[in-house]
1. For the pair residue 76/residue 22, report the inter-label distance in nm, with labels modelled 7 Å from Cα in the Cβ direction.
2. If you take every residue apart from residue 63 with its C-beta less than 11 Å away from the C-beta of residue 63, what net charge results, scoring Lys and Arg +1 and Asp and Glu -1?
3. So if we plug the beta-carbon distance of residue 91 and residue 69 into 1/(1 + (r/R0)^6) with R0 = 25 Å, what FRET efficiency do we get, rounded to 0.05?
4. With all protein chains present, calculate the accessible area of residue 65 using a 1.4 Å probe and round the result to the nearest 10 Å².
5. Rounded, prolate or oblate: which fits the stretch 1-64, taking a ≥ b ≥ c as square roots of the Cα gyration tensor eigenvalues, rounded meaning a/c under 1.5, else prolate when a/b beats b/c?
6. Tally up the carbon and sulfur contribution to the accessible surface of the chain as a whole percent, 1.4 Å probe, everything protein left in place.
7. Report, by chain and number, residues whose modeled amide H sits under 5 Å from the one on residue 69, excluding near sequence neighbours (fewer than 5 apart, same chain).
8. Kindly report the accessible area of the stretch 6-88 per residue (heavy atoms of protein chains, probe 1.4 Å, no ligands, DNA or RNA), in Å².
Amino acid sequence: IEVIPEAMGFVNSAIRKLFPETRIRVRMDNKKQGAILTHNGNHLIDLWFGTWPSLSTLNPSLKNITGILETSLFYNIATKAIIAGEKGTRVMGKT
């Protein structure tokens with residue numbers, strides 16, 4: 001999830017209110033000390049849910065939090081996935 005740095009405290013509190021069992025971690029850069037920054041200077045956070053929330057409401061709930069810019073969740077948006085691996089590449093369509 002992409003978060004404006006100045007809103008990090010507010011975003012953490014809002015996520016914990018919506019999803020109390022969620023673990024929140026700022027994505028850190030292994031090559032330098034500090035948080036990974038996007039091209040726009042924002043932070044990325046990762047969420048681990050103790051209990052999965054309803055996928056149909058997860059993205060809208062997160063995007064309604066002031067300070068969250070993007071979630072990278074594609075529920076009911078993407079219709080195909082391209083998967084590359086050791087055995088080649090395959091395209092999976094939504095069924």
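1. Placing both labels 7 Å beyond Cα along the Cβ direction yields 1.8 nm.
2. Neighbourhood net charge equals -2.
3. 0.30
4. Residue 65 has an accessible surface of roughly 10 Å² with all protein chains in place.
5. Numbers: a/c = 2.09, a/b = 1.75, b/c = 1.19.
The shape class here is prolate.
6. 54
7. 2, 3, 4
8. Values: 6240 Å² over 83 residues.
About 75 Å² of surface per residue is accessible.
The values are calculated or read from the model by the stated rules, or taken from the named source; none is laboratory data. The model shown is predicted, which means the values in this text are computed figures rather than measured ones. Note: ideal-geometry Cβ built from the backbone for every residue, glycine included; neighbour counts use all protein chains shown. SASA here: full protein model, heavy atoms, side chains in, ligands and nucleic acids out. Shrake-Rupley method; radii C 1.70, N 1.55, O 1.52, S 1.80 Å.
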